[in-house]
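Chemist: Below you'll find the structure I mean.
The values are calculated or read from the model by the stated rules, or taken from the named source; none is laboratory data. Since this is a predicted model, take the numbers as computed values, not measurements. Positions of Cβ are generated from backbone atoms using ideal geometry, with glycine treated the same way; all protein chains shown enter the neighbour counts. Calculation scope for accessible area: heavy atoms of the full protein, side chains included, ligands and nucleic acids excluded. Shrake-Rupley method; radii C 1.70, N 1.55, O 1.52, S 1.80 Å.
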Amino acid sequence: MKYLYITLLLLFGFSTSGNAQEKSNREIKADKDFNVYAFYQASEKYSRTKTLTIEGQRKLAESYRNMGDYEKSENTYAKLITSGSGIIPEDYFNYAMVLKINGKSSESHKWMEEFAKNKPNDLRAISFNTHKNQFSNYLKASPDYNINNQSINSDAQDFGTSYYQDKVVYASSNARPKMIKRKYNWNEEPYLNLYIAEVKDGQLKKVRFFDKDFNSKMHDGPATFARNGTIMAVTKNKSKDKSKDKFVELQVYFSVFENDKWATPIPFIYNNPSYSVGQPQLLEDGNTLYFVSDMPGGFGGTDIYKSTRTGNDEWSKPINLGSEINTEGDEMFPFYDEKKQLLSFSSTGHFGLGSLDVFFSFSDGDRWSNAENPGAPLNTTHDDYALISNGTKFNGYFSSNRTDGSGSDDIYAFDFKTAPFLMRKISGIAKDEKGNVIPGTQITLKDQNDNVISTKSADENGTFAFIIEKDRNYTLTGKKEAYLPGTTETNSFGAESIIFTEVIMRQENNSDVVNEDVEEKESDDENRETYTDSDFDDDDETDADTDTDADTDSLDEINESEISTNKNLNAVIKLNPIYFDFDKSTIRPDAAKELNKVIKVMNKYPEMVVELNSHTDCRGSENYNDKLSQSRANSTVQYIKSKITNSSRIYGKGFGESDLIKSCECDSIETGCTDQEHQENRRTEFIIRK
């Protein structure tokens with residue numbers, strides 16, 4: 001069911017052979033089964049036909065592939081390819097995909113070369129030629145990961161997870177015992193229903209129907225939820241579809257939870273009986289929808305689209321995400337992680353390990369970055385798809401039909417210590433010295449060799465973004481009329497996938513900045529993280545570059561037995577709290593004295609690897625605290641990197657208010673926390689990882 005859509009090429013492209021052959025009655029009957037996706041019945045008839053046409057051989061190979069019988073599909077394609085006549089480029093591509101699934105990568109690449117030779121401008125060919133030399137790297141599993149098959153998996157299809165409050169909803173063809181089981185032509189399994197599971201100890205448990213009244217007689221799922229689980233978008237069959245296959249008209253429907261029940265589903269305005277629309281993902285505010293469709297005007301196969309809800313509560317015309325995401329193949333299962341600002345999706349068109357691989361892409365506001373394949377262990381030679389992540393850390397769920405599963409398609413949980421991809425993103429804001437944003441600032445990004453990489457203007461909120469490479473130094477320069485240029489240095493050496501930064505500029509005449517939003521900004525500042533006067537000296541703005549050996553004599557007597565993996569270094573070397581000035585992330589001299597202790601230990605133990613975790617208290621907005629903690633983590637990591645051997649040994653992550661030690665009631669200004677409790681929540685931890 002993950003392959004929800006059939007392209008016109010699959011249905012009608014098979015008749016493009018230049019050498020017309022007369023079909024037998026049995027092959028004609030098999031064609032009828034094939035055209036309504038009854039691949040099991042079609043394969044039986046095709047295989048018992050003495051003399052198949054080229055088109056019949058092609059459809060038999062595809063029937064086996066859609067059934068998951070890849071060995072028979074490979075053998076049938078081999079016979080077709082060696083027939084020497086009536087071959088079309090798609091035959092080379094599909095044969096290459098089957099070979100790759102069967103673990104024959106070298107032979108697969110051979111036929112992809114043939115495909116690329118015949119269709120050099122095809123995006124699939126371009127992706128292959130660009131990334132084929134990285135195949136061996138894709139096979140190397142990322143370090144520090146954990147992947148768990150979920151115990152709720154059945155021998156049926158279980159896939160397409162979605163977060164629903166503190167639970168998980170997914171789609172499954174695991175039909176409960178019934179007098180009559182309705183089966184779907186494609187795979188002869190029951191139709192999909194929605195199920196809900198609780199999360200406990202890393203496993204999905206206590207499975208039950210999501211809503212018996214909501215599940216229909218046909219496909220229901222996958223689904224997505226917004227506004228704390230009160231709005232749902234779901235893939236369903238059109239209820240009044242009179243066709244025998246009950247397949248083509250898959251559509252997106254919305255439902256609202258009111259009066260303790262889900263309301264009657266309302267169709268998405270861009271549903272159409274001529275094509276399919278499905279696999280929706282709603283962002284949390286319910287006003288942005290990503291979905292998949294084979295509507296006309298795309299790149300081919302199925303593409304990923306985006307639509308936003310306008311002020312009059314209508315959905316905008318869908319926007320195709322473009323050639324960085326979509327290809328002539330199938331792109332499916334979009335999931336946009338709002339906190340990470342990261343799109344994950346699955347594709348048969350971008351080069352990867354298997355037929356369907358997971359890919360990632362950032363948006364810098366103007367475009368999507370080129371899709372990146374994270375390789376193993378997320379991807380295998382089989383189908384890996386429908387990844388969702390929780391926003392705070394890089395963990396979540398995905399689906400796969402890999403060989404160690406329980407059945408057809410299974411749900412897996414994943415947890416990565418660091419992001420399993422190489423691309424990084426700079427997310428910044430242009431401000432004056434008083435903290436007021438400066439819209440329209442021209443921001444120039446340069447590499448460590450002073451080469452200009454890109455230039456763009458900050459938006460109306462003063463924000464900007466750049467897609468960058470991992471393990472590089474960068475310089476950002478801001479310019480605008482009436483301001484002196486401002487420069488900020490940053491880098492992508494840490495584990496964080498998004499580097500938050502600021503470009504500060506001063507007015508030439510030192511007068512107050514004219515900004516219509518000043519009053520609102522000052523009011524908002526009252527809600528942000530605050531400190532007591534005893535926490536810092538307001539005049540303490542001097543350079544933090546102090547002597548690393550100063551005030552660190554006590555470290556000579558460290559008990560080496562206390563230094564072990566996952567130990568908190570703060571306790572081992574008795575670090576005092578690391579303080580920052582209000583609304584800033586620069587390293588203060590008093591903080592530098594404490595960081596020098598970390599530096600001395602890391603230089604004493606040159607193999608030590610440290611993970612830095614920066615936390616705020618609960619005051620201020622969640623989004624603000626996320627950015628502030630990440631900015632402070634970046635500054636702290638950069639300070640330590642500049643003074644230790646092998647700077648890659650430390651990396652940092654900002655957790656905002658997501659991991660409070662004291663979970664007292666807190667809501668902006670009004671809080672139930674004491675100053676001491678806030679101070680305990682504001683902390684920087686150094687965890688020994690190696």
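Chemist: Please count how many residues of the stretch 559-606 are small (Gly, Ala, Ser) and either free of Cβ contacts under 8 Å to residues at least 24 places away in the same chain or open to solvent by 40 Å² or more (accessible area, probe 1.4 Å) (or both).
Modeler: The qualifying residues number 3.
Chemist: While we're looking at this one, here's another question. Among the residues in the stretch 483-498, are any assigned to a loop (DSSP other than H, G, I, E, B) and farther than 20 Å from Leu628 by Cα?
Modeler: Yes, because at least one residue in the stretch 483-498 is assigned to a loop (DSSP other than H, G, I, E, B) and farther than 20 Å from Leu628 by Cα.
Chemist: Got a sec? Which of Val207, Val292 is in a strand (DSSP E or B), modelled with pLDDT of 95 or more and either closer than 26 Å to Gly396 by Cβ or polar (S, T, N, Q) (or both)?
Modeler: Being in a strand (DSSP E or B), modelled with pLDDT of 95 or more and either closer than 26 Å to Gly396 by Cβ or polar (S, T, N, Q) (or both) holds for just one of Val207, Val292, which is Val292.
Chemist: If you don't mind, there's one more thing I want to ask. If we scan the stretch 386-394, do we find a residue that is on the phi > 0 side of the Ramachandran plot, modelled with pLDDT under 95 and within 13 Å of the chain's Cα centre (by Cα)?
Modeler: Yes - at least one qualifying residue is present in the stretch 386-394.
Chemist: For Leu476, which of the numbered conditions (1) in a strand (DSSP E or B); (2) surrounded by fewer than 16 Cβ atoms within 10 Å (Cβ to Cβ); (3) of a type in the set (A, V, I, L, M) fails to hold?
Modeler: (2)
Chemist: Leu445 is checked against (1) farther than 30 Å from Ile644 by Cβ; (2) under 26 Å from the mean Cα position of the chain (by Cα); (3) modelled with pLDDT of 95 or more and fails just one. What number does that condition carry?
Modeler: The number of the failed condition is (1).
Chemist: Are any residues in the stretch 416-447 open to solvent by 20 Å² or more (accessible area, probe 1.4 Å) and either on the phi > 0 side of the Ramachandran plot or among the basic types (Lys, Arg) (or both), and if so, which ones?
Modeler: Lys417, Lys434, Gly440, Lys446
Chemist: While we're looking at this one, here's another question. Would you tally the residues in the stretch 294-309 being closer than 12 Å to Tyr275 by Cβ, open to solvent by less than 20 Å² (accessible area, probe 1.4 Å) and free of Cβ contacts under 8 Å to residues at least 60 places away in the same chain?
Modeler: Total satisfying the criteria: 2.
Chemist: If you check Ile426, Ile467, Ile453, which single one turns out to be more than 25 Å from Lys339 (Cβ to Cβ), part of a strand (DSSP E or B) and hydrophobic (A, V, I, L, M, F, W, C)?
Modeler: On inspection, the qualifying residue turns out to be Ile453.
Chemist: Across the stretch 400-424, what is the number of residues that are within 19 Å of Ala171 (Cα to Cα) and touching a Lys or Arg at 6+ places or on another chain (Cβ under 7 Å)?
Modeler: Result for the stretch 400-424: 1.
Chemist: Quick one: which strands (runs of 3 or more DSSP E) lie wholly within the stretch 103-175 and hold at least 3 residues that are surrounded by fewer than 17 Cβ atoms within 10 Å (Cβ to Cβ)?
Modeler: 145-149
Chemist: Within the bounds of the stretch 395-412, is there any residue that is open to solvent by 10 Å² or more (accessible area, probe 1.4 Å) and of a type in the set (A, V, I, L, M)?
Modeler: no
Chemist: Taking the condition surrounded by 16 or more Cβ atoms within 10 Å (Cβ to Cβ), free of Cβ contacts under 8 Å to residues at least 24 places away in the same chain and touching a helix residue (DSSP H, G or I) at 6+ places or on another chain (Cβ under 7 Å), does Ala30 pass?
Modeler: No, not satisfied.
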